[in-house]
Amino acid sequence: MPEWINISGIREKITDTSAEEVTLSHIDKIRNSRTYGFSAINEKAVEQAKEIDSRKTDSPLAGVPIAIKDNISTLGIPTTCSSKILEGYVPPYNAHVIERLVDAGAVILGKTKMDEFAMGSSTETCCEGPALNPWDTERVAGGSSGGSAAAVASGEAPVALGSDTGGSVRSPASFCGIVALKPTYGTVSRYGLIAYANSLEQIGPMGTCVKDVATVMDVIAGHDPRDSTSIKKDMNYSKSIEKDINGMKIGIPEEYLSDGINPEVQKCVWDAIHKMEDLGATWKSVSLPHTKYALSSYYIIAMSEASSNLARFDGTRYGLRAEGENWHVMASRTRAEGFGDEVKRRILLGTYALSAGYHDKYYLKALKVRTLVKGDFDRALSETDVLMGPTMPDIAFKLGEKIKDPLSLYLTDVNTVPVNLAGVPSISVPCGFADKMPVGLQIIGRHFDEESILRAAYSFEQNTDHHKKRPEGVR
Amino acid sequence: MITEEEVEHVGWLARIEIDRSKSKEYAEQLNSVLDYFKQLDEVDTEGVEPTYHVEDLVNVLRPDTVTESLTQEEALQNTEHKKDGYFRAPGIM
Amino acid sequence: MAYNNPDGVMIGLEIHVQLNRLKTKMFCGCSTQYHNSQPNTHVCPVCMGLPGALPVINEGAVEASMKVGLALNCEVTDRTQFHRKNYYYPDLPKGYQVSQYDYPIVSNGKVVIEGEDGELVVRIRRAHMEEDPGKMVHMGTIDKSRGTLIDYNRSGMALLEIVTEPDLRSPKEARRFLDKLRNILEYLDVFDSNLEGSMRVDANISIGGGSRTEVKNISSHKGAERALIYEIMRQKNLLRRGGVVTMETRHFDEARGVTTSMRTKEEEHDYRYFPEPDLVPLKVKDRTSRLLDTLPELPDARRDRFVSQYGVPEMHAKALTSDIKVADFYEMVAEKVDPKVAATWVADVLKGELNYRDLTVKSFNVEDMVKIIQMVIDDRITDRSGVEVIRTMLDSGGIPMDIVQQKGLMKAEDSVVSSAVDEAIKENAAAVEDYMQGKEQSMNFLVGQVMKKTRGRADPQTVREMIISRIK
Ligand SMILES: [Mg+2]
Ligand SMILES: [Zn+2]
């Protein structure tokens, strides 16, 4: 039976047996998955594990298996963004985070499903079909890093990497009852991350507990000269969780607990706030007045950037190629056949928003609203240490429930996208159950203050039992 | 309001072939989203600067020193459409 | 005399200059030395546009662009950034070109050229940095192509696009501007014009205040002049027949020397510019004074110095400095021999012989030039022999002394010439008589006889003078 086992548990197991055995047992679990989070298994995983065994290394992740979202480039392992257009594409290079993980001794287990090109909040736009929620396989795992969340919550990988453009690690973490961190923009190199919306996204760690997420952050964060937006800052994330939260000032954005939020979810979040109070923190209401407009601003910016980022998939150098009497027709057909409906919609909307006559009305306007949204956070976080609210307005919805109506799906991101517009860090940590489905608590911090949100999340986790519950069939 | 004709034009700009019979459906879908985006018109952004980057970085530069390139084989490994070390594609006209 | 520009020609140029003296490309560390390499061997994830790759700005390219701007008397922009220019083409691996839009790195400059009627100030509107696309090889002709082969070695090379105001009034002025620009760029050591595709020109042209057309795909200075001559003629003919010139893009067919309309659907551009989110802005204006200090002496200054320092005529100074390699060559020669004599030999003789053979000054070495000039100065060979030595060396190589010896070009000793003259007079009394009677050709005969006796080593002019002085 698959089990939730954290990094220190894995390392003990390796001492008792071997990295090879640990990797083999995870591959076995993936092969028998009932949530289908993986899109590919790394053929070299066992070889990598054996090599770790032979080296007897003491690196922080020596022999620890990790699942990688399929938009992160892996040398020699297919990387498809769950899109037909990238079928068979094998990168000739590793993303920065993969280099870091491999250097730290991690074993790349395989690649996980996602919404096609990270465009979605349910992993239903994956070209191979969705990853399922281990708590209820008729429900979505969230998205777009749904495969990574399903893999971790199903006990098929102790930790995973996802990417978060508008909530894409936090949404599935919340729906699947695990922990995920969206780091401050610029903290983790995007080199090798296949871009959806460059100015918004960050790679983030996902795991069964706060400590594991911090441990993976210690490995993947840090300056990379190949990413011009990468910041030079030295941080020790695992160390930052040790301190308690006595005296911490928490802000509760009124807009995040508005009428649209499932009352049971609201209750879980209020319970969490009161728990924090018990642990010595204080809280007060704050306002992020432009929250209402964040969603439009976010989608316009993301779609605009995406329309340009995805222009390279033209059938010429890699991936799918359709027939066509000339190059332009070939490219147009390749893209019509290779992209799914949601991706095409977003490219068209983004192209429209940037086109002559509409640029100022949509794109430029969205960027100005972004300034206002960012200003909201700056203000609220100048009088508080962290902000708290529900990660998602509701529990995981049923497969097929929202996919036919794009707008209803966009609306589920209402509490996560403002964070990406502002570039601040945010973590989602389990805070209870509604209708037997996990609920996530979102804790947001100031730029580069991952320490506070990790510390708050860890204190909360260590003083509650939510993270000890398991989906059926998982130990 | 985006018209069917505009959808076809945008499809061409984005090099996504749009079947004539589907341009109406696309126009409807896009319009429902664009309708939602209209709420931004309410926001007063007079005098507000756009935020392109959330960080204040400037002058991120690299020295003019050579790093290793891919081999020709690596460069061409992801396509069957190649000839004599070149990528091969249909003509432009 | 003032040039009145009878057709009201206005020409503006957009020149793409490859900063090919840099070691690496604009946004990646791939080497720029791809010109003799196999296709797709100077590429990486960044310049091939592989998914996930990110650009990082080459500091050398920024400084080289600033230097060019400063040499063209431009201002450096306070805060500048890159934009994405979105369009689809097989040679453009990302589906967008990273370029600059509303904040070019430098703007508002000027260059003085020799116009139709004296000095002409050509204003520089702006110069911006961007990346070069790859290279397409059409299988068959472009319009009836069976396919396209693409090599991305060139993709990502740093380009500087220099845009002039429409201040040029004739194809000749356009060509002179391009020559001058090339010269300045080579002085700055940012550019080597000998590499294929190093400078590409688009020309905007209108006559009589009408609409302008844009002629693309011009790859040489000669081509620019030809394309413009053709386009002026075409526009004039069109107007004469009662037509109107419409604003359009035209393609220059170098082989046929004509421009053709390119109004296809692909040409309807909407570039959807937006700031490149993978790059951050540049604030480099504060480097201006340091870069100004490192700016080398430019062609105009060097020309003036040649006049004052070496006492060479303005015309020679201009000819010598219009190519940095010739100017460097000259200065090395002038260190060893009389600079004025050297100027004549390098500017008139050597440059002429090189141009005739389509060679550059690299084909000749300084020591050889010095030796040849020295022999002429010492009167050991004649000017004509000097020229012959240069020609022989360019055509079949060799070293000056050997050529002089093999060809017997060494001037005879004066006594040998002197006795040969005496002999010739004695042996050809009839010819002497004829000459005295006024028959000019007889003198040529007599000189020829002396040349024969000295096996051509005498200077004909000297021999002539000697004969005349002896028979009078
Ligand atoms: Mg250009
Ligand atoms: Zn490269």
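The table below lists the values:
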{"quantity": "Those residues of the range C:2-14 which are touching a residue at least 40 places away in the same chain (Cβ under 8 Å) and either within 16 Å of ligand 1 (Cβ to nearest atom) or in a loop (DSSP other than H, G, I, E, B) (or both), in sequence order", "calculated": "C:ALA2, C:TYR3, C:ASN5, C:ASP7, C:GLY8, C:GLY12, C:LEU13, C:GLU14"}
{"quantity": "Hey, C:ALA174 part of a strand (DSSP E or B), touching a strand residue (DSSP E or B) at 6+ places or on another chain (Cβ under 6 Å) and away from chain B (no Cβ under 14 Å) or not", "calculated": "no"}
{"quantity": "Some residue of the range C:75-87 being within 16 Å of ligand 1 (Cβ to nearest atom), closer than 30 Å to C:SER170 by Cα, more than 27 Å from the chain's Cα centre (by Cα) and surrounded by fewer than 21 Cβ atoms within 10 Å (Cβ to Cβ)", "calculated": "no"}
{"quantity": "Subset of the range A:76-103 (residues that are within 21 Å of the chain's Cα centre (by Cα) and part of a loop (DSSP other than H, G, I, E, B))", "calculated": "A:PRO78, A:THR79, A:THR80, A:CYS81, A:SER82, A:SER83, A:ASN94, A:ALA95"}
{"quantity": "Cβ-Cβ under 9 Å pairs, at least 6 apart or on other chains, the range C:111-130 side under 13 Å from C:VAL76 (Cα atoms) and within 14 Å of chain B (Cβ to nearest Cβ), far side assigned to a strand (DSSP E or B) and within 13 Å of ligand 1 (Cβ to nearest atom)", "calculated": "C:MET129/C:VAL98; C:MET129/C:SER99; C:MET129/C:ALA158; C:MET129/C:LEU159; C:MET129/C:LEU160; C:MET129/C:GLU161"}
{"quantity": "Hits in the range C:21-65 (condition: facing another protein chain (nearest Cβ under 8 Å), outside any loop (DSSP other than H, G, I, E, B) and either within 13 Å of ligand 2 (Cβ to nearest atom) or over 15 Å from A:PRO225 (Cβ atoms) (or both))", "calculated": "C:THR24, C:SER31, C:ASN58, C:GLY60, C:ALA61, C:VAL62"}
{"quantity": "Some residue of the range A:50-71 being in a loop (DSSP other than H, G, I, E, B), within 14 Å of chain B (Cβ to nearest Cβ) and in contact with a Phe, Trp or Tyr (Cβ under 9 Å, 6 or more places away or on another chain)", "calculated": "no"}
{"quantity": "Number of the exception - C:GLU59 against (1) without any contact (Cβ under 8 Å) to a residue 24 or more places away in the chain; (2) crowded, with 23+ Cβ neighbours inside 10 Å", "calculated": "(2)"}
{"quantity": "Matching entry among A:ILE231, A:ILE220 (being modelled with pLDDT of 95 or more, more than 14 Å from chain C (Cβ to nearest Cβ), touching a His at 6+ places or on another chain (Cβ under 9 Å) and closer than 30 Å to C:ASN58 by Cα)", "calculated": "A:ILE220"}
{"quantity": "Only listed residue being out of contact with any Pro (no Cβ under 8 Å at 6 or more places or on another chain), surrounded by fewer than 21 Cβ atoms within 10 Å (Cβ to Cβ), under 28 Å from A:ILE273 (Cβ atoms) and more than 10 Å from chain B (Cβ to nearest Cβ), chosen from A:GLU383, A:GLU401", "calculated": "A:GLU383"}
{"quantity": "The listed residue being in the same structural domain as C:VAL361 (by TED's automatic domain parsing), assigned to a loop (DSSP other than H, G, I, E, B) and free of Cβ contacts under 8 Å to residues at least 40 places away in the same chain, out of C:VAL307, C:VAL312", "calculated": "C:VAL312"}
{"quantity": "Qualifying strands (runs of 3 or more DSSP E) (wholly inside the range C:70-144; at least 2 residues being within 16 Å of ligand 2 (Cβ to nearest atom))", "calculated": "C:96-99, C:118-131"}
{"quantity": "Single residue of the range C:424-466 satisfying the filter (modelled with pLDDT under 90 and of a type in the set (Val, Ile, Thr)) that is surrounded by the fewest Cβ atoms within 10 Å (Cβ to Cβ)", "calculated": "C:THR462"}
{"quantity": "Test: residue in the range C:15-36 that is β-branched (Val, Ile, Thr), away from ligand 1 (no atom under 16 Å from the Cβ), touching an Asp or Glu at 6+ places or on another chain (Cβ under 8 Å) and under 30 Å from C:GLU116 (Cα atoms)", "calculated": "no"}
{"quantity": "Condition broken by C:ALA430, with the remaining ones in (1) closer than 30 Å to C:ASN355 by Cβ; (2) free of Cβ contacts under 8 Å to residues at least 24 places away in the same chain satisfied", "calculated": "(1)"}
{"quantity": "Selection count, the range A:350-378, where residues are at the interface with chain B (Cβ under 7 Å from one of its Cβ atoms) and without any contact (Cβ under 8 Å) to a residue 24 or more places away in the chain", "calculated": "5"}
{"quantity": "Residues that are touching a strand residue (DSSP E or B) at 6+ places or on another chain (Cβ under 7 Å), within 7 Å of chain C (Cβ to nearest Cβ) and in a loop (DSSP other than H, G, I, E, B), drawn from the range B:70-93", "calculated": "B:PRO90, B:GLY91, B:ILE92"}
{"quantity": "Residues located in the range C:88-110, provided they are farther than 30 Å from B:VAL10 by Cβ and without any contact (Cβ under 8 Å) to a residue 40 or more places away in the chain", "calculated": "C:SER107, C:ASN108, C:LYS110"}
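Condition check ((1) within 15 Å of C:LYS285 (Cβ to Cβ); (2) within 14 Å of chain A (Cβ to nearest Cβ); (3) at pLDDT 95 or above) across all residues:
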position: C:GLU75; (1), (2), (3): yes, no, yes
position: C:GLN81; (1), (2), (3): yes, yes, yes
position: C:ARG84; (1), (2), (3): no, yes, yes
position: C:TYR87; (1), (2), (3): no, yes, yes
position: C:LEU92; (1), (2), (3): no, yes, yes
position: C:GLY95; (1), (2), (3): no, yes, yes
position: C:SER107; (1), (2), (3): yes, no, yes
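The values are calculated or read from the model by the stated rules, or taken from the named source; none is laboratory data. A quick note: this is a predicted structure, and the numbers were derived from the prediction, not measured. Using ideal geometry, Cβ is built from the backbone for each residue, glycine included, and neighbour counts are taken over all protein chains shown.
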